[in-house]
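Peer 1: Dropping a structure here in structure tokens format, bear with me for questions.
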Amino acid sequence: MPKGLKDGPFPTHYEPLESPVSNELYSHDTNPAEQWFARQENRFAPPGDPRFPYVLTTYRLTEHHTAGGMSRFLSHLAKLQPEMFAEISPELATQHKINNADYICVVTLRGAIEARALVSRRIRPLALNGKTVHQVALPYHYGTAGLVRGGAANDLLTISGEPNVTIMEAKALTCNIVPGRLPRGPAFAEFLNKYAPQTGPTILHPEERSFRKGQSGGGHAHEGKTWM
Amino acid sequence: MIGEGTQSTNQRRHNYLQENVEVGFFTDPTVCIGCKACEVACKEWNEVPDDGFTWLGNSYDNTGHLGASTWRHVLFLEQDRQKGSQIVSSHSLGSGDGEDPFRWVFLSDVCKHCEEAGCLEACPTGAIVRTEVGSVLVQNDVCNGCGYCVVSCPFGVIDRRPQPLPDAGGAFKCTFCYDRQKSGLPPACAKVCPTESIVFGRLDDLRARATQRVQQLREHGYADAQLYDPIDTSVRGTHAFFLILGEPEAYGLPPKPQVPTIHLKSAWTAAFATAIGALIATLCAFAFL
Ligand code: SF4
Ligand code: SF4
């Protein structure tokens, strides 16, 4: 193995920690060297979980910088991307009777946020292992303060550690969408519990169970984390 | 040009204004990446106020159109119909033939700085002038806010700034960065454009370059590439012209823009005829008293 690399030596394919399908290449779905941080608020949906049938991905817009902490306060930038949106394909929009610019909720096991639907042909349904899998794409620049505000995509993500650089997997997860606005106050907890039950076992993904502390050989992010 | 570094006309200092050289913008959407740096640089340099934060749900475009507080506007065009021959993606699901004519085009729109400018012709106070470099400039300390220019622009570019924004009431549009040009600096949008989709330079150089680019694109399969510079209309050409793929209507550009003053002669003739008619009628009325 090349010196310093914690997985390898050759590139290969594993599914993301959360995936709508199983790995076609190996019996193991996920990278065995990946770090999972098992906590009740950081649960991973098992492969093909019917409650979270869509692929969730996050990305940047040129108008904003990181989570928007600087750009959301600058009118010249904030004006150009003023609201949180979720990009979906016309196919998925039709399925859920969503029109462009409607409010929708995006739900994962970790949380739920509200966004405006941006229906676009740019977002293509994927053909994975013979099934059609839809994608939901979110910019991650919004939050609760600034000239423009909106749901924080980071609320939906898991915390995990890629074996070499210990960066979490923020670009490939699974989610569900619910048309309409996100309930506030006590109704929010009820809503979240309905679509993503907040009680039950901490570990839902079968491969998270087999992960042992220290397996990946350590890293700077280990300190202070809660491990199972 | 890309690759010329600091020697590019977008970057280097110049004396166009002192030498009375006609300059222009050539905007080429085929290399635009939709970063909106031009829009932001324009707002920054010219201290254009924000006019509200509205999400439009129209691709990544949240300014919609040019106006008193948007002097560069990056248009995001999601075209899903085939317009002439075009490069297509093979990554489509369920469309049968495996060919998907979808394309996403970005075009940075701006005041055209017309050769025969409707706004300038209509302005009764002389606030709108032609500069040494051929651009059309609104002098905001002279503008009285009558709004004649707004209805006279064939492209819907110039607009009056609404309350409660600073300098409300006055007409505003792209200044071609006249202040920067006086100091030998290129306009802010061209300076920041990372792909040189916006090129600033001598008008004659740009025209030659644009013709060459259309030729090159056609050779590479973009059969619907054409230049948008209405030379054959009463506008008689522009100082900010565009390369477009497909038809101008798709970009909100009028295919045959006309300066309203071409109707002056017929309007005056009609008014004169009416006046004569009214005079005769009055005389007749008195004659039969
Ligand atoms: S595009 Fe409109 S505002 Fe610009 S110079 Fe021509 S007439 Fe005037
Ligand atoms: S700066 Fe250049 S590349 Fe970016 S949006 Fe404007 S024209 Fe396009």
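The values are calculated or read from the model by the stated rules, or taken from the named source; none is laboratory data. What you see is a predicted model; the values in this text were computed from it and never measured. Reconstructed Cβ throughout: ideal geometry from the backbone, glycine too, with neighbour counts over all protein chains shown. Heads up: the accessible areas ignore ligands, DNA and RNA and are worked out on the full protein's heavy atoms, side chains in. Shrake-Rupley method; radii C 1.70, N 1.55, O 1.52, S 1.80 Å.
Peer 1: Which of the trypsin sites (Lys or Arg not before Pro) across the stretch A:6-58 are loop residues per DSSP, with 16 or fewer other Cβ within 10 Å?
Peer 2: Values: sites: A:K6, A:R39, A:R43, A:R51; in loops: A:K6, A:R39, A:R43, A:R51.
Listed in order of number, the matching sites are A:R39, A:R51.
Peer 1: Please report, for the Cα atoms of chain B, the Rg to one decimal and the Dmax as a whole number; what are they, in angstrom?
Peer 2: 22.3, 86
Peer 1: According to a simple spin-label model (label point 7 Å from Cα along Cα-to-Cβ), what is the distance in nm between A:L126 and B:Q258?
Peer 2: Reported label-point gap for B:Q258 and A:L126 is 5.5 nm.
Peer 1: Enumerate lysine pairs in the stretch B:5-257 that are 8 or more residues apart or on different chains, then count those whose Cα atoms are under 17 Å apart.
Peer 2: On the way: B:K36/B:K191; B:K43/B:K173; B:K43/B:K191; B:K112/B:K173; B:K112/B:K256; B:K182/B:K191.
The number of close lysine pairs in the stretch B:5-257 is 6.
Peer 1: Please report the base-10 log of the normalised intensity I(q)/I(0) for the protein assembly as shown, using a Debye sum with one equal scatterer per alpha carbon and no solvent, at each q in 0.06, 0.08, 0.09, 0.10 (1/Å).
Peer 2: Summing over Cα pairs of the protein assembly as shown leads to -0.40, -0.66, -0.80, -0.93.
Peer 1: Which ³J(HN,Hα) values, rounded to whole Hz and listed in residue order, are derived for the stretch A:71-84 from phi using the Karplus coefficients 6.51, -1.76 and 1.60 in 6.51 cos²θ - 1.76 cosθ + 1.60 with θ = phi - 60°, glycine and proline given as x?
Peer 2: Coupling constants for the stretch A:71-84: 6, 5, 9, 9, 4, 5, 8, 4, 4, 7, 9, x, 8, 5 Hz.
Peer 1: With a 1.4 Å probe on protein heavy atoms only, work out how much accessible surface A and B bury together, total over both chains, in Å² to the nearest 100.
Peer 2: 2400 Å²
Peer 1: Label-point separation (nm) for A:Q95 and B:N15, each offset 7 Å from Cα along Cα-to-Cβ?
Peer 2: That separation, rounded to one decimal, is 6.7 nm.
Peer 1: Right, next: When chain A is treated as a GNM, springs tying every alpha-carbon pair under 10 Å, which of A:F85, A:F37, A:F73 comes out with the largest mean-square fluctuation?
Peer 2: Judging by the Gaussian network model, the answer is A:F73.
Peer 1: At a Förster radius of 25 Å, what calculated FRET efficiency corresponds to the Cβ-Cβ distance of B:T269 and B:L227, to the nearest 0.05?
Peer 2: Here the calculated transfer efficiency is 0.10.
Peer 1: Something else now. Based on DSSP H runs of at least 4 residues, each adding -39500 (n - 2.57), what is the mean residue ellipticity at 222 nm of chain A after dividing by all its residues, to the nearest 500 deg cm²/dmol? Intermediate results must be reported in sequence, preceding the final value.
Peer 2: On the way: 4 runs with 24 residues, N = 228.
Roughly -2500 deg cm²/dmol at 222 nm, from the helical runs in chain A.
Peer 1: I'd like the per residue volume of the convex hull spanned by the Cα atoms of the stretch A:1-100, given in cubic angstrom. Intermediate values should be presented prior to the final figure.
Peer 2: Numbers: hull volume 20.3 nm³, N = 100.
For the stretch A:1-100, the hull spanned by Cα atoms encloses 203 Å³ per residue.
Peer 1: From the Cα gyration tensor of the stretch A:48-205, with a ≥ b ≥ c the square roots of its eigenvalues, which class applies: rounded if a/c is under 1.5, or else prolate if a/b is larger than b/c, or else oblate?
Peer 2: Working: a/c = 1.31, a/b = 1.22, b/c = 1.08.
It is rounded, given that a/c, with a ≥ b ≥ c, falls under 1.5.
Peer 1: Could you provide, to the nearest whole Å², the per residue accessible area of chain B with probe 1.4 Å? Write down the numbers at each step before the final one.
Peer 2: Working: 13870 Å² over 289 residues.
On a per-residue basis, chain B sits at 48 Å².
Peer 1: Report the FRET efficiency, 1/(1 + (r/R0)^6), for B:C146 and A:E41, where r is their Cβ-Cβ distance and R0 is 45 Å, rounded to 0.05. Walk me through the numbers on the way to the answer.
Peer 2: Numbers: r = 62 Å, r/R0 = 1.37.
Efficiency at R0 = 45 Å is approximately 0.15.
Peer 1: For A:F10 paired with A:Y59, estimate the spin-label separation in nm (one decimal), with each label point 7 Å from Cα along the Cα-to-Cβ line.
Peer 2: Using points 7 Å along Cα→Cβ, the separation is 3.1 nm.
Peer 1: On a 0 to 90° scale, report how tilted helix A:186-195 is relative to the longest principal axis of chain A, with both axes built from alpha carbons and the result rounded to the nearest 10.
Peer 2: 50 degrees
Peer 1: Sequence neighbours fewer than 8 away in the same chain don't count; with that in mind, list the lysines whose C-alpha is under 16 Å from A:K6.
Peer 2: A:K213
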